[in-house]
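Just so it is clear, none of the values below were taken in a lab; they were calculated from the coordinates. Please read all numbers here as calculations on a predicted model, not as lab measurements. Virtual Cβ from ideal backbone geometry, glycine too; neighbours counted across all protein chains shown.
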Amino acid sequence: MPASTLLLSICTASLLVSLVVIVCLLRSVSGTTAFPAALWGLGASIAAIMLSASLLFGISLDASRLVELRLSVGVLALCPSMSVLGAKRPLHRLWQLIVGSLAVVLLLPVISAELLRPGSLPTMHVTQELFLLLLPLAGWLNFLATKRWFAATVFTTGHYLLVAPCFSSLTLFFTVERLESPRFLVAAFLLMSTGIVITGCQAWIENRKRHSIQKALPTQTHSLDESEFCSMASEPFLCLREALGVAWMLRVAERFNEIATNNKWPCRLSLDGMNVEFNAKQASSRWKSEALRCVWSLLVRFATPDWLSRHGLARHVFVASQENVPVVVSLSQTSAASP
């Protein structure tokens, strides 16, 4: 088997594995505003598999057509990271139209090359090149402070390799033939699929840990201690941080801390989860139920109540204790606290 055929076979196989991982991730993000981003990722993965399989089975593609297809896959791969930047209810669905419009704008060179200049390389405007350069960087920065930082770094590196022939400035350092080399394409797909697989493995491990933590949470009406309170508040927040990145979760934490300061709750929310101050035992235990109401009302903008319940923040009943008298607290009666 020729070396190029072997590389393409490995590349196609890795892309198929990443497709399976994305399908599995769809279930974990179902019920959150990250679901459209996963669908964009599914479409990009299918497009990448079709391109890799075309090269593997010897379908003839000239240089211009190959660059067009690489740019098309690269733009689709950019859409998931752009999708999560607008992942707040109730406008998260409308935001997908903006993401689609952005994809069309970035694909205009491909469309014009196909319709007006068949057989010629797509010509990128300097503004489109800047978008293609800066938007993947923005998506990478959104996940840099999460556990997905390494996977995001690997994926973004592969993305830049994929769209490298579209940057005219790179011809100052590399020849056009080298930028358009199938080896760059194979390396790009391998890196991108590796990043997706790493994300899937991390999500599976976190899911196992979450189930073990939830078994230890209270199932009967009694007062919540500090560790149980922190677990209930932190688990869904951290899961959404890994799914949506830090941009929205920083805003959620900022908003919660403003409310906590105004109400003198002895707790603060950070990117690492909920933290309780040392003097919390001296405060009335009523603050725990109020804080959980606030967390629920903030996170429900990014996930359904059922999803929050599955991740430890049950909507129906939380139990607080005020002067040693159990009090049932329904989160459905909370006031809106918008991030």
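Based on Cα contacts under 8 Å between residues 6+ apart, the stretch 1-119 shows a relative contact order of 28 percent. Applying 1/(1 + (r/R0)^6) with r as the Cβ-Cβ distance of H125 and R183 and R0 = 41 angstrom yields a FRET efficiency of 0.90. Normalising the average separation of contacting C-alpha pairs (under 8 angstrom, six or more residues apart) by the number of residues puts the relative contact order of the stretch 66-211 at 25 percent. Once Rg and the Kirkwood radius are both taken over the C-alpha atoms of the stretch 3-203, their ratio Rg/Rh works out to 0.95. Among I59, I46, sorting on how many other beta-carbon atoms sit within 10 Å of each Cβ, with the fewest leading, yields I59, I46. Using a simple spin-label model with points 7 Å from Cα along the Cα→Cβ vector, what separation in nm is obtained for N262 and S168? Spacing of the two 7 Å Cα→Cβ label points: 5.2 nm.
The ranking of T123, T32 by Cβ neighbour count inside 10 Å, starting from the fewest, reads T123, T32.
With both labels modelled 7 Å from their Cα along Cα-to-Cβ, the I59 to V105 distance reads 3.0 nm. Among F57, F237, the order by Cβ neighbours within 10 angstrom, fewest to most, reads F57, F237.
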